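For reference, the structure discussed in these notes is given below.
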Amino acid sequence: MALSPTDYHSLTRIAIQAARQGGAILLDYAKKGFQIHQKDQAINLVTEADLRSEEAVIQTIRHAFPEHQILSEEQGLQDIPTHPVKWIVDPLDGTTNFTHGFPMYNVSIGVEYEGTCVLGVVYDPTRDELFLGQQGKGATLNGTPIHVSATPQLNQALLVTGFAYDVHTAKDNNLKEFCAFTLRARGMRRTGTAAIDLCYLACGRFDGFWELQLNPWDTAAGKVILEEAGGKLTNYAGEPYSIYGSTLIATNGHIHQEMAEVLKKCRQE
């Protein structure tokens, strides 16, 4: 059974409400201060702000849809019966940026229906930018339709990437790929938040993005936003991208094959 227009409207309203509530909490903690804790590695952090934002987002979703599943970064999958709707939440994407006072972080909320990502909301409270993607309805930034860039070639492209938390120790750490693209693209950036990377790609600020070892909450919302803005997402092998997979290439579509070829060459060497 497909989601009805009424279902979409309700899901979208709650997703936006929850994202804005989470964002307000992040801004409040950014002003008043917070405690920082390490997870499994020194560069993998969690703060009071992550936890309070997550609590507010989950409470808003649970109040509206008590039967829905919720997967969130800090709390994991809620222990409730299986339901065709699953919310996938990152209450603070860009924690390292946040802890350093670098204003590049967001709340990311994606919705899956029967295993397909159908709705995405990413809210950047520092710029009051709200990105929205609804399956079959396009993507918007603060209500204005957005679309990927028309950049035709890699040597004219502005690319973005990120690094996994095990970058200090892993052999497959994306550094070789970063160097290869630096020599081939017009420019390289590293924002520290995959959700923003996908949204900036969706509205034409970036032309291409690749990364390893992302989690479902990193890309569930951004995937819908980018697809609805005309972008393309695959894994490194060129297969359809899954938010549960381990590799991602995301582009405006025009430079996708060139990026895939660079990655293939790097990983064969």
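Give me a count of the residues in region 108-148 that are part of a loop (DSSP other than H, G, I, E, B) and either crowded, with 24+ Cβ neighbours inside 10 Å or β-branched (Val, Ile, Thr) (or both).
First, the residues of region 108-148 that are part of a loop (DSSP other than H, G, I, E, B): 114-115, 125-128, 135-137, 142-143, 146-148.
Imposing the further condition that a residue be either crowded, with 24+ Cβ neighbours inside 10 Å or β-branched (Val, Ile, Thr) (or both) reduces the set to 126, 146, 148.
Count: 3.
Residue 116 fulfils the conditions (1) over 27 Å from residue 85 (Cα atoms); (2) without any contact (Cβ under 8 Å) to a residue 60 or more places away in the chain; (3) of a type in the set (Ser, Thr, Tyr) except for a single criterion, (1).
Would you check if residue 230 is open to solvent by 30 Å² or more (accessible area, probe 1.4 Å), in a loop (DSSP other than H, G, I, E, B), touching a residue at least 60 places away in the same chain (Cβ under 8 Å) and within 14 Å of residue 133 (Cβ to Cβ)? Yes, satisfied. The sole residue among 98, 131 that is in contact (Cβ under 8 Å) with a residue 24 or more places away in the chain, over 29 Å from residue 260 (Cα atoms) and within 19 Å of the chain's Cα centre (by Cα) is 98.
With respect to residue 12, determine if the residue is among the β-branched types (Val, Ile, Thr), without any contact (Cβ under 8 Å) to a residue 12 or more places away in the chain and either open to solvent by 20 Å² or more (accessible area, probe 1.4 Å) or in a helix (DSSP H, G or I) (or both). Walk me through it before giving the result.
Details: among the β-branched types (Val, Ile, Thr): yes; without any contact (Cβ under 8 Å) to a residue 12 or more places away in the chain: no; either open to solvent by 20 Å² or more (accessible area, probe 1.4 Å) or in a helix (DSSP H, G or I) (or both): yes.
Here the answer is no, as residue 12 does not meet what is asked.
The set of residues in region 83-98 that are closer than 12 Å to residue 53 by Cβ and part of a helix (DSSP H, G or I) comprises 95, 98. On the stretch given as region 238-269, residues that are free of Cβ contacts under 8 Å to residues at least 60 places away in the same chain, out of contact with any strand residue (DSSP E or B) (no Cβ under 9 Å at 6 or more places or on another chain) and not in a helix (DSSP H, G or I) total 4.
The values are calculated or read from the model by the stated rules, or taken from the named source; none is laboratory data. All values reported here derive from a predicted model rather than from experimental measurement. Glycine also receives a Cβ, built like all others from the backbone with ideal geometry; neighbour counts cover every protein chain displayed. For accessibility, only protein heavy atoms count, side chains too; no ligands or nucleic acids. Shrake-Rupley method; radii C 1.70, N 1.55, O 1.52, S 1.80 Å.
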